[in-house]
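So the structure is just underneath, and the comments pick up after that.
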Amino acid sequence: MRAENPGIATPVARDRWRYRITGGQPLIGTVEVSGAKNAVTKLLVATLLTDQPCTLTRVPRMVEVDVVLGMLAELGTRVEWLDPHTVRVTTPEITSRALSEAYSGVNRIPILMMGPLLHRVGQAVVPLPGGCRIGKRPVDFHLAGLRAMGAEIIEQIRSVEVKTLGLTGTHVTLPFPSVGATENLLLAAVLAHGTTIISNAAVEPEIINLILFLQQMGALVDVEVDRTIVIQGVPTLRGAVHAPIPDRIEVASFAAAAVATDGRVEVLGARQEHVTTFLNQLRKIGGEFTVTDRGITFYRARDLTAAHVQTGVHPGYMTDWQQPLVVLLTQASGASVIHETIYEDRFGYTRQLNDMGATIALSTACLGGRRCRFAARDFEHSAVVSGPTQLAAADLEIPDLRAGFAYIMAALVAQGASLISGTRFLERGYEDPVGKLRSIGADITTEPIPPS
């Protein structure tokens, strides 16, 4: 089955429906993990580095992927779906050097297109990034690295213009191991003249997956010790076939939901090496898991107990695992402490959990761990979760992607029927969430949004 540019999403979408979830039932069954959103969207950007066809398999069908395909199509990319989860993209020439400002604030993908566009046409105008409301997410590191490689950068109110007569290798030391900045520099360095060294680089599994794709395309990239990545620029890159890694955030989401509801869920395709830190923490709380060649099965081994957790860059506890963990800890005995060190404003979602009966207190102090870069800056970046508490059903409005699954979990644990709006945020990053939840026993239905 082939289709040219089907279902490409518009930059701004509204909710099509809301969810009604009746809680109190354990989740039991088998669910298959999708390809990682945070991997496949970056792989799609990397295809701009060549004029040859690139094929990605195991591509999740979700809003975020369709939005990125829409961006590529605007730049001249031909998109063909070879089957429901295999897409072939080809960009024989760049037909536009500027990405529409309609994508301003939608997500962070446009800022990653600067390097590929500079190599292909020497100039780019991209809107400033956005996405979930979880912090400022500045792009200073990105722009400083590109300047060091020889790009001229003109910052505007809603966009950034970059120009170059040719990028050259350089040595960049990142002040913080930013995932986005590391990806941006990788995409710019693979076709630059000379060698680029990225010190204090992020080394998340999604970045390693991007490096493997670039290597298949002909790039020369070495990952060395102490967060150092060395890229030797090559003249051209070719097309390749590649599969994104399984979504480790989705794995942790279903794992936490299984344990929170005292159920048993097998997540097909889950890979232990991508969730090692999460698995350790789950076991400390009272959850358990069994690893097979099919995936990982999650269940509760004993009464849940409190924990102290600090988020961090890989291989630390992932910031996107924090939200389902907080809901899980509302069902644990004692006072748990969560210290968020990646984003300064990621606990806003807990207020609605408190309305359901949770006891979650926020603090500006670095609780339960070492001082972080948000110390003494008046950000509520630590949370104390006291439990166990019985959650009550409520009407909830999802504020961002990862909070979305936390609200799903809370509704599954709560007594009564909850009505959840803001589902467009959840559907940005989870493939067929309703269908997957139903397959493991969730009482979830959809309702159309009434006209306003």
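Near Ala375, no amide H atom lies under 5 Å from its own; only residues 5 or more places off or on other chains count, and H is placed 1.01 Å from N.
So how do His381, His119, His314 line up by other beta-carbon neighbours within 10 Å, fewest first?
Working: His381 28, His119 24, His314 19.
Lowest to highest Cβ neighbour count: His314, His119, His381.
Close amide H contacts of Ser333 (hydrogens built in the peptide plane, cut-off under 5 Å, sequence separation of 5 or more or a different chain): Leu304, Thr305, Ala306. Potential lengthening of the chain between Thr195 and Arg370 amounts to 59.4 nm, from the contour at 0.36 nm per residue minus the alpha-carbon distance. In the set [x] 37, 24, 21; [y] 71, 23, 19; [z] 92, 30, 17, the label that goes with semi-axes √(5λ) of the Cα gyration tensor in Å computed for this structure is [x].
Counting DSSP beta bridges with both partners in the chain, what percentage is antiparallel, nearest 5?
Numbers: 59 of 80 bridges.
Antiparallel bridges: around 75 percent, rounded to the nearest 5.
For the chain, the residue among Phe374, Val65, Gln390 whose Cα projects farthest onto the positive side of the dipole built from Cβ charges is Phe374. Taking every C-alpha pair closer than 8 Å and separated by at least 6 residues, the mean separation divided by the residue count of the chain gives a relative contact order of 20 percent. What ranking of Ser418, Ser100, Ser159 emerges when the number of other C-beta atoms within 10 Å of each C-beta is taken as an exposure proxy, fewest first? With the fewest neighbours first, Ser418, Ser100, Ser159 line up as Ser100, Ser159, Ser418. Projecting the Cα atoms of Ala335, Leu412, Thr446 onto the charge dipole of the chain (Cβ charges, centred on the Cα centre) puts Ala335 farthest toward the positive pole.
Is the range 37-242 rounded, prolate or oblate when judged by the Cα gyration tensor, a ≥ b ≥ c being the square roots of its eigenvalues, rounded requiring a/c under 1.5 and prolate requiring a/b larger than b/c? Judged from the Cα gyration tensor, the range 37-242 comes out rounded (a/c under 1.5).
Comparing Cα centroids, the range 12-73 and the range 354-382 end up 31 angstrom apart.
Ranked by how many other Cβ atoms sit within 10 Å of their own Cβ, fewest first, the residues Arg300, Arg147 fall in the order Arg147, Arg300. Each DSSP beta bridge with both residues in the range 20-135 is either parallel or antiparallel, and the antiparallel ones are about 90%.
Put simply, the amide H of Thr359, placed in the peptide plane, has neighbours under 5 Å in Ser386, leaving out anything fewer than 5 places away on its chain.
Summing Lys and Arg as +1 and Asp and Glu as -1 over all other residues whose Cβ lies under 14 Å from the Cβ of Gln331 gives a net charge of 0.
Applying the Karplus relation 6.51 cos²θ - 1.76 cosθ + 1.60 with θ = phi - 60° to the range 154-164 yields 3J(HN,Hα) values of 10, 8, 10, 5, 10, 8, 10, 9, 10, 9, 6 Hz, where x marks Gly and Pro. For the chain, the dipole from Cβ point charges (+1 on Lys and Arg, -1 on Asp and Glu) about the Cα centre works out to 200 debye, to the nearest 20.
Counting Lys and Arg as +1 and Asp and Glu as -1, each charge on the Cβ, what is the dipole of the range 37-242 about the Cα centre in debye, to the nearest 20?
Details: 17 positive and 18 negative charges, 48 e Å.
The dipole of the range 37-242 has a size of about 240 debye.
Rule-based calculations on the coordinates, nothing more; no lab input. Since this is a predicted model, take the numbers as computed values, not measurements. Because the Cβ atoms are built from the backbone with ideal geometry, glycine has one as well, and the counts that use them run over all protein chains shown.
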